[in-house]
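The values are calculated or read from the model by the stated rules, or taken from the named source; none is laboratory data. These numbers were taken from a predicted model, which means no experiment stands behind them. All Cβ positions, even for glycine, are placed from backbone atoms using ideal geometry, and neighbour counts span all protein chains on display. Only protein heavy atoms, including side chains, enter the accessible area calculation; ligands, DNA and RNA are left aside. Shrake-Rupley method; radii C 1.70, N 1.55, O 1.52, S 1.80 Å.
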Amino acid sequence: MLGQGIIKGMAETARNFLGSYLKPERLVTVQYPEERLPQPEAARNFPFLVYDENDTQQRLRCVACQICEKECPPQCIYIVKDILKTPDYLGKLQFQPKTFDIDISVCMSCQICVEVCPFDAIKMDVAYELSTTGRFAQLLLHKEQLAMSNPYYHKIHPAEAAEIDARLAAEKAKAQAKAKADAQLKAKAAALPGPTVT
Amino acid sequence: MPSAPTQPHRVVPRTAPDGSVIEGERLEISMGPQHPSTHGVFRMDIVLDGERVVGLKPVFGYLHRNHEKIGEGTTYLGSMPYTDRLDYFCSLTNNWAYALAVEKLAGLQVPERAQYIRLITAELTRLQNHACLGGFLLQDMGASGTPLMYAFREREKILDLFESLTGSRMMCNYMRFGGCRCDLPPGWAGRAGRVADEFPRFLDEFEALLNENEILMSRTQGVGVLPPDLAVNAGVTGPMLRASGVNYDLRKADPYGIYDRFSFRIPLGEHGDVYDRYRVRVLEMRESVKLLQQALRQLPQGPVLDPKAKLRGFRPKPGEAYARIEAPKGELGFYLISDGSPNPWRYRVRAPSFINLTVLEDLCRGHHVADVVVILGSVDIVLGEVDR
C-alpha cells in the first residue's frame, strides 16, 4: 500500500517524541548555561604553566629549554630565556623564561607541547569559556596569565598530577640521597691520610 | 526488502514534428560555495537545459590549507594533529593511516593492545561517520531535522567516548608512531561495549523510519547510478564503490592492523544508486558493531606504545612508504618520502572524498538540480579532505 512506509516512519517519530517525556535516557540534551556536564579527566583545551609553592614567577617548573617552542606544530609559543639562573626543586641552577607567550588564537590544542616537555612544566587546561572582545592582544597570553598553581593542576587532572608529584618527589629524594652520599664520600676522602712519598 | 528501483531518469531529447531535436537555451548556474547543501565550501558550475543537468564542473579549493606543504615543513609528529583536520569527522582513522605510513617507513612494531585500541576507535569512527551521513543525506532531501538529530544523538555517545579517551571530541590526535598516546581510562571498554550493544537498536529505529518510506525511495532509487566499470576506472573507493556491487574493501583485500582476525562481512549493493549507497552504509554499521563486540571481548592487557618509539628527534631512515586504510569514506592513503631529516621530503595524501568526487558529473547528468543535492550528499564528502 502506498504510504505504508511513511506511516511506519511517523510511528517511529511519535515513539521518540513521547519517549523523551517518559524515559530520561531518550532526553540527552542539557540546558547549557544553567546545567553543565562534568568534563572527563583527559579533557584538554589550552596549555598553562605549572608553578610550585606560592611564588607564581620564580617557582615555575619551566626552565626555558624551548623544546615546546620548536615542536609546536602551528608555532604559537614564544620564549625568551632569562639571564639569571634560579634553583629548581632539586636545588640545581636552571634558567627561567623571561618571556613565555602563547597565542591561543593560533594554538590548536594538540597537546604536543605537553608530551615533549621533559620537566612536566606545561600542561593542558580545561577552562572553556574564554571569549574576549579583542582579536589580538587579549588572545595573546603572557607568562603571568599562563602560570597556574600545582593545586589547580591537581584539581583538573587529579590522577595525572598525583603521578607526576610522586615522580618528582622520588627524583628529589634520590638527588638528596646522592648529595648526602657525595658529602660523606668527600668527608671520608678528607679523613684518609694522603699518599706518602717515600 | 523494498521494491526494485525504478529505471534511471534519462534525458529524453525533445523533437519537433519534423523529427529535428530541439535544443533549449543552455543556462549556466553556479551552485555554491555558500550553499547549505554542498557540505562546506564547494562550488559546482552546472549547465542546465531546462530543468535537466547537461554538464557539471566541480570547483575545489575554497578550503585549501596547504596541508601537504605544511606536512613537508613540520616534523613527523607535528603533522599528526594536522591529519585530524583533513576529514574532521573521522580524525582517528586519519591518525591511523598516517601512523601506519610512518611505522612502515621507520619499521616500528605496534603492541597488541594498541592494535586492538586502534581497531576499536576506527570502527567507532565509522559508526558515527555513517550515522551522520545518513542524517545529512535526509536533511538534503528536505527531511529537516528529525533523522539528523537521531543520528547526532547516537554520535554524541561515541564522541563522549572519544573525549574521555583522547581529551577532544573531534580533533583527537590520539595515535602515535608505534602505538597510541595513552591507555584506555578505567571503565572505558565497558562503556564502549554498551554503546556498541545499544547501537543496533538505533539502526533498527533508523531503518524503520526511513527504509520503506515512499518519498525517500522515489527520491533516491534510480538516481545517480554509478556503473561498476566507471567506478573502478575512476578509482572510486569505499561504500560508494561497494554500492555499485564491486567487492573491494581494504579490510579484506589488503588487511592492515588486525582485521584478518575477526569475522565480518562486506555488504554490497546491486544498483549503485543513491538508495544503495545509503543502504550499504547502514549495513556496514551493523558489521562495524560486530567487529567492535569481538574486539572489545578479546582486548588484551599490555603496553600501548612500542618502547623503541620516540617523540623527539624522530628521524626515519631515507626511503619511501605508502600506507592505506579503509577510512569510512574510502581508501585513505599517505605517501611519504624520507631523506633522513626530521621532516618528510614529500608528504602526499590520497583523499577518498576528492577522488570519489571526480565522477560527480557522470552521476548527475540527466537529473534535476534537486537531485544533484542528493547525489552530492550520497558521495559523502568532507571539504577538509577534498581541498586539504
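Descriptive notes on the structure:
- Ellipticity estimate at 222 nm from DSSP helix runs (n ≥ 4, -39,500 (n - 2.57)) divided over chain B, nearest 500: -14000 deg cm²/dmol
- Modelled FRET efficiency - R0 22 Å, residue B:156 with residue A:129, Cβ distances, 0.05 increments: 0.60
- Each Lys or Arg adds one and each Asp or Glu subtracts one; over the other residues with Cβ under 9 Å from the Cβ of residue A:71, this totals 0.
- Chains B and A together bury roughly 2500 Å² of accessible surface, counting both sides and using a 1.4 Å probe on protein heavy atoms.
- Highest-fluctuation residue, B:92, B:165, B:332 considered, GNM on chain B with Cα pairs under 10 Å: B:165
- Within chain A, helix-based [θ] at 222 nm, where runs of 4 or more DSSP H residues each add -39,500 (n - 2.57), nearest 500: -11500 deg cm²/dmol
- 3J(HN,Hα) along region A:147-162: 5, 10, 6, 4, x, 5, 4, 4, 5, 8, 10, x, 5, 4, 5, 5 Hz, from the Karplus curve 6.51 cos²θ - 1.76 cosθ + 1.60 with θ = phi - 60°, whole Hz, x for Gly and Pro.
- Against chain B, whose longest principal axis comes from its Cα atoms, helix B:91-106 is set at around 60 degrees.
- Ranked packing of B:204-210, B:218-224, A:2-8, most packed first, by mean Cβ within 10 Å: B:218-224, B:204-210, A:2-8
- The GluC sites (Glu not before Pro) of region A:64-173 that meet both conditions, a loop assignment by DSSP and at most 11 other Cβ atoms within 10 Å of the site Cβ, are A:129.
- Burial of accessible area (probe 1.4 Å, heavy atoms of protein chains only) in region A:36-51, relative to its chain alone, reaches at least 10 Å² for A:40, A:42, A:43, A:44.
- Within 10 Å of each Cβ in B:205-216, the average number of Cβ atoms from other chains: 5
- Interface burial in region B:63-101, defined as at least 10 Å² less accessible area with all protein chains than with the chain alone at a 1.4 Å probe, covers B:74, B:75, B:77, B:78, B:81, B:82, B:85.
- Low-density loop cleavage sites - trypsin sites (Lys or Arg not before Pro) in region A:69-122, where at most 12 other Cβ are within 10 Å (DSSP): A:92
- The charge dipole of chain B, taken about its Cα centre with unit charges on the Cβ of Lys, Arg, Asp and Glu (plus for the first two, minus for the last two), comes to roughly 1600 debye.
- Tilt relative to chain B, helix B:188-210 - C-alpha long axis, 0 to 90 degrees, to 10: 10
- For region B:245-252, putting each phi into the Karplus relation 6.51 cos²θ - 1.76 cosθ + 1.60 with θ = phi - 60° gives couplings of x, 8, 7, 9, 9, 4, 5, 9 Hz, in residue order, rounded to whole numbers and with x for Gly and Pro.
- Of all lysines in the structure, the ones whose alpha carbon falls short of 25 Å from that of residue A:155, not counting any fewer than 8 places away in one chain, are A:123, A:143, A:172.
- Accessible area of region A:1-61 belonging to carbon and sulfur atoms, whole % at 1.4 Å probe: 61
- Placing unit charges on the Cβ atoms only, positive for Lys and Arg and negative for Asp and Glu, gives region B:49-128 a dipole magnitude near 60 debye about its Cα centre.
- Where the alpha-carbon atoms of the protein assembly as shown are placed on the principal axes, they occupy 131, 56, 53 Å, in descending order.
- GNM result for chain A, Cα springs below 10 Å: residue of A:28, A:116, A:126 fluctuating most strongly: A:28
- Residues B:350, B:126, ordered by accessible area of protein heavy atoms at a 1.4 angstrom probe radius and largest first, appear as B:350, B:126.
- Excluding ligands, DNA and RNA, the accessible surface per residue across region B:143-247 is 34 Å² with a 1.4 Å probe.
- Computed from backbone phi, the HN-Hα couplings of region A:24-37 come to x, 6, 7, 9, 9, 7, 10, 7, 4, x, 7, 10, 10, 7 Hz, rounded to whole numbers (Karplus: 6.51 cos²θ - 1.76 cosθ + 1.60, θ = phi - 60°; Gly and Pro given as x).
- Remark: for residue pairs A:81/A:180; A:92/A:186; A:70/A:98; A:178/B:308, the C-alpha separation exceeds 28 Å in A:81/A:180; A:178/B:308.
- The Cβ shell under 10 Å around residue B:345 holds other residues with a net charge of -2, Lys and Arg each +1, Asp and Glu each -1.
- Å² of accessible area per residue within region A:1-122, as computed with a 1.4 Å probe and no ligands counted: 58
- Global geometry of chain A, whether rounded, prolate or oblate, following the gyration tensor of its Cα atoms and the 1.5 cut on a/c: prolate
- Charge tally in the Cβ shell below 14 Å around residue B:160, where Lys, Arg are +1 and Asp, Glu are -1, residue B:160 excluded: 0
- For chain A, the longest principal axis of the alpha carbon atoms and the long axis of helix A:4-22 meet at an angle near 60°.
- For region A:1-63, GluC sites (Glu not before Pro) meeting the loop criterion (DSSP other than H, G, I, E, B) and having at most 13 other Cβ atoms within 10 Å: A:34, A:35, A:53.
- Threshold 40 Å², region B:129-176 residues less accessible with all protein chains present than alone (1.4 Å probe): B:150, B:153, B:163, B:167
- Protection proxy ranking, peptides A:117-123, B:25-31, average beta carbon neighbours within 10 Å, highest first: A:117-123, B:25-31
- Ligands, DNA and RNA left out, the 1.4 Å accessible surface of region A:124-164 is 61% carbon and sulfur atoms.
- Here's the picture: charge each Lys and Arg Cβ at +1 and each Asp and Glu Cβ at -1 in chain B, and of B:263, B:170, B:74 the one pushed furthest to the positive end of that dipole is B:74.
- Heavy atoms of residue A:154: accessible area, 1.4 Å probe, square angstrom to 10: 60
- Given +1 at the Cβ of Lys and Arg, -1 at the Cβ of Asp and Glu and no other charges, the dipole of region B:172-280 around its Cα centre is 540 debye to the nearest 20.
- Stokes-Einstein D (µm²/s) once Rh is taken as the Kirkwood radius of region B:264-383 over alpha-carbon pairs, at 10 °C in 1.306 mPa s: 87
- Förster-model FRET efficiency, 25 Å R0, residue B:45 and residue B:368, C-beta, rounded to 0.05: 0.90
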